[in-house]
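Scroll down for the structure; my scribbles are underneath it.
The values are calculated or read from the model by the stated rules, or taken from the named source; none is laboratory data. Everything numeric here is computed off the predicted structure, so don't read it as measured data. Here the Cβ positions follow ideal geometry from the backbone for every residue, glycine too, while neighbour counts run over all protein chains shown.
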Amino acid sequence: MNKSRFREQLRHDEGVVPHAYQDSEGYWTIGVGRLIDERKGGLLSPKEIEYLLDNDIERVSIDLQREWTWFNDLNDVRQEVLANMRFNLGLANLRKFKRMISALERRDWVDASREMLDSKWATQVGNRAIRLSNAMRTGQWDG
């Protein structure tokens with residue numbers, strides 16, 4: 001089989017869609033006709049999941065470095081907290097945490113931690129917010 005030619009045939013016949021969509025039968029699909037709908041046995045392999053996660057982590061890191069010049073000055077734990085929030089919220093919604101960001105710029109970890117918990121996000125994610133807030137305050141992961 002000429003895999004290169006076959007690849008181009010599939011790209012032509014299936015189309016290339018950079019987001020999840022429902023195919024003509026209503027099943028969730030991504031990319032070049034890749035079935036991911038569990039109703040039909042679709043799934044991602046562990047390697048594919050790790051590949052996507054690695055790309056997401058890289059994108060999140062670049063976003064944060066571009067957005068706030070002081071991000072690289074934070075210790076690893078506080079960088080990870082912000083990255084976790086960016087991953088969950090998206091950059092546009094993370095920007096809305098203006099008082100938290102202001103506290104981070106001042107290196108006021110207690111105030112930043114408090115602002116994290118004083119949000120709709122904290123009520124939505126529950127224990128995640130508590131864990132991240134504690135890590136922001138202390139600069140360390142518990143246990």
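Scanning region 94-107 for residues that are surrounded by 13 or more Cβ atoms within 10 Å (Cβ to Cβ) and either assigned to a helix (DSSP H, G or I) or not assigned by TED's automatic domain parsing to the domain that holds Trp121 (or both) yields Leu94, Arg95, Arg99, Met100, Ile101, Ser102, Ala103, Leu104.
Residue under question is Val77, and the condition is that it be surrounded by 13 or more Cβ atoms within 10 Å (Cβ to Cβ) and in contact (Cβ under 8 Å) with a residue 60 or more places away in the chain; does it hold? Judged against the criteria, Val77 is a match. Is it the case that Val32 is among the aliphatic types (A, V, I, L, M) and not assigned by TED's automatic domain parsing to the domain that holds Leu89? Yes: the conditions hold for Val32.
Going residue by residue through region 98-107, is there one that turns out to be at pLDDT 95 or above, within 30 Å of Arg11 (Cβ to Cβ), out of contact with any strand residue (DSSP E or B) (no Cβ under 8 Å at 6 or more places or on another chain) and of a type outside the set (Val, Ile, Thr)? Give the derivation first.
Within region 98-107, the subset at pLDDT 95 or above is 98-107.
Filter once more, so that each one left must be within 30 Å of Arg11 (Cβ to Cβ): none.
Scanning region 98-107 turns up no residue that is at pLDDT 95 or above, within 30 Å of Arg11 (Cβ to Cβ), out of contact with any strand residue (DSSP E or B) (no Cβ under 8 Å at 6 or more places or on another chain) and of a type outside the set (Val, Ile, Thr).
Asp23 meets each of the listed conditions (1) farther than 25 Å from Gln140 by Cα; (2) at pLDDT 95 or above apart from (2). For residues in region 20-44 being in contact with a strand residue (DSSP E or B) (Cβ under 7 Å, 6 or more places away or on another chain) and part of a strand (DSSP E or B), which is surrounded by the fewest Cβ atoms within 10 Å (Cβ to Cβ)? Looking at the filtered set, the residue picked out is Gln22.
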